[in-house]
Every structure is written in C-alpha cells, then in structure tokens.
Amino acid sequence: MMGFIPSEGKPGDSGFSRWGRIWWGIFIGMRVILAFSFFLSGCSQPKKPKEPIRIGINVWAGYAHAFIAQEKGLFKKNKVDVKLILCRKYTESQDLYLNGEIDGVFEVFPDTIFHNAEGIPTRVVYIADFSDSGDVIIGCPEFQSLSDLKGKKVGIGGINSFSHLFVYKALEKSGLSEAEMRFALIPAEEVPTALEEGRIAAGHTWEPFLSAALKKGYRILGKAGQVPGIITDVLVFNSRVIAERPDDITAIVRSMFEARDFLITNRDEALDIIVQQEEMGREELNQGLSGIHQLDVWENAMNMKKNGQQDSLYILGTAIIQFYLDRGQFSRIPRLEEIIDPVFVDQVAPRSSP
C-alpha cells in the first residue's frame, strides 16, 4: 500500500512517484471543476431587483399628471419602477431632495439653479408647465393693484426662493423699488389664514389655497404671467441617478408625456385620479389647470435648447442667475449647460417635426 502514497517532490520531479502524479492530476481536476461550478452558480443567480426611483411631488395641478402615469400603469408599461412621494407642502419635498431621501423632485426652475449653486448636482429632464394665473399675489380687497403694496408686508415662501423671485419681480414691474418692499415668510397654504389674521397685506399662493382666499373676499393683485417664465415647473434628478439609470429616466419622461396626453383625451377620468391622489377639489383642480400651460414634447425639446426663444430655459436661467448674483447668493456661477439636460426629451420626441 505504500505505493499509493506520493513521494516527496513536485509532479515534474524525478522523485515524484507514478501514483503521486495520478493523485496530483485528480486534485487539480477537482479544483477546476469546483471553480467552474462556482462560476456557473454565480451566473445563474437572479439579478437583484432595482430599487424604485423615488420622486417628490407636492399639490400642484401642473405636474399632477404624474399620478396618472402611476395609476394607469404607464410607468410599468415603460418598464420603470417609480414611487411618488406626495408632500402637502412644497418645502417638504424640497427638504427630502436636499437631504438625499429621494432621487428626484418636481420643483420650480429657480430652485434647480439654486441647488446647483450650492453644490447639489441637479439636472432638468422635463418641463411640466409654465404658470400664468396658476400662481398669484392675492391681497386685501381695499388694494387695487400691486403698487398699493408699497411698504406693506407681502407673504413669500422663503428668502431667495422662487416665491421671493416672483413677488420681487412682480412688485418691481409695478414700479416699486426694493427699499419699498417688505416680505414675510408665509407658505402658500397659510396665506388665506395670514390674510385673515392681518399678518400680511398680500401673499403668493396657488390652488387649492387660492380658491379658499377668493371665497373669503380677497383680490388677485398680480399673477405669474406678468413676469413670464419666472415660474416654470420642471422635473429634476440628482446627476448621480441620471448617470446610473439613464434608461429609467427616459422611461419616466416618456410616461409623463403619455400621462399629459391622457389628461387631454380622457379629462374626466384623469381629474378623478388626480382629485383622489392629491385630495384637491375638482373645481380647484380645474382652476389650477386653466392657469397653466403644460408643454408637449416639441415645446420641451425647443425650450431646452439655446435657441434664443423667450421661453427657453437658457434665457430664463440667465435672468434668474443674475437675480441671485445681485444679492450675493452665489459663491460660484452655475453653468446652465450642466443643469439643462435635453437628452431624454430628445429620445422620446419623434424624428420628424410636427
């Protein structure tokens, strides 16, 4: 039996016995088989499902069709898993995004620029709407125009927010200097109450809070359409998410356009979906939709390019950046080329123009 025991040395050594070479060959063969088995088992393991893309959304008619994409299965049809996170307040969805708790958010374009200036790489992939009478400055009935608000407190959503920019530009256009303006931090949803309590003379708000204020006898003094483009609602994502999941972003953008089309062609059913999801009255929702313009795929494509059009995000962005620069809010100037990302809209748009 001693012949079965390999002698000392390596297979190539003269002192390595014939049986030793046989056992060595078996040993090497078994290692190869085991390694190959591990490789096959690794390849056959199912892929770990991707996490849903989390998008923050607040109560606003302009991008409420995202709920249609969710409820009608458009996201699923386009093979993307999306979780819409509804916040009652605009500032809540902003906080979630800034804290990295969600991947993207529906917001107003000036806030997108501000995020980038503060070092949070954020890119616009879809323009939801331009606000005309969707955003308003509403005030006490004794005031006839914005110029009557000289020296009065006007509610804004936050210092250096899109709300601040809108109200400032509207008051400036009415002839008031910055020294004649006074602001108070009042969220849109609190404006009707703040007016009633006398804390402000006017404030920036939108539906459904606008209708609540009108029913109490307050008057619209100014609207977003008087300073065109300042309130442009967009869908944005962190640049990291875009780099990691570009196909999913394309699918989301495609779903949003399909949802917009559904809202136009199946309005009653669409309104039922939105009312249920946002807990907004049907009348307020209709009023909100009538005060905005929701862009189609071609308008998106045109307004995300450097084409010199009045509504181009490049034209609007330049004015917004200047506003913040004048107030010393930027430590660096944001580059619009790094913020506006038309790739995904371009992939969805048909090859030929309408």
Some residue of region 130-140 being assigned to a strand (DSSP E or B), among the small types (Gly, Ala, Ser) and surrounded by 19 or more Cβ atoms within 10 Å (Cβ to Cβ): yes
Number of the condition not met by Asn238 [criteria: (1) of a type in the set (S, T, N, Q); (2) closer than 17 Å to Arg123 by Cβ; (3) over 17 Å from the mean Cα position of the chain (by Cα)]: (3)
Single match in Asn286, Asn266 (criterion: without any contact (Cβ under 8 Å) to a residue 24 or more places away in the chain and within 25 Å of Ala224 (Cα to Cα)): Asn286
So Ile120, is it surrounded by fewer than 18 Cβ atoms within 10 Å (Cβ to Cβ), assigned by TED's automatic domain parsing to the domain that holds Arg332 and of a type outside the set (S, T, N, Q): yes
Members of region 249-285 that are surrounded by 19 or more Cβ atoms within 10 Å (Cβ to Cβ), charged (D, E, K, R) and more than 22 Å from Asn300 (Cα to Cα): Glu278, Glu284
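The values are calculated or read from the model by the stated rules, or taken from the named source; none is laboratory data. The shown structure was predicted, so the numbers you read here are calculated from the model rather than taken from an experiment. So basically every Cβ, Gly included, is an ideal-geometry build from the backbone, and we count neighbours across all protein chains shown.
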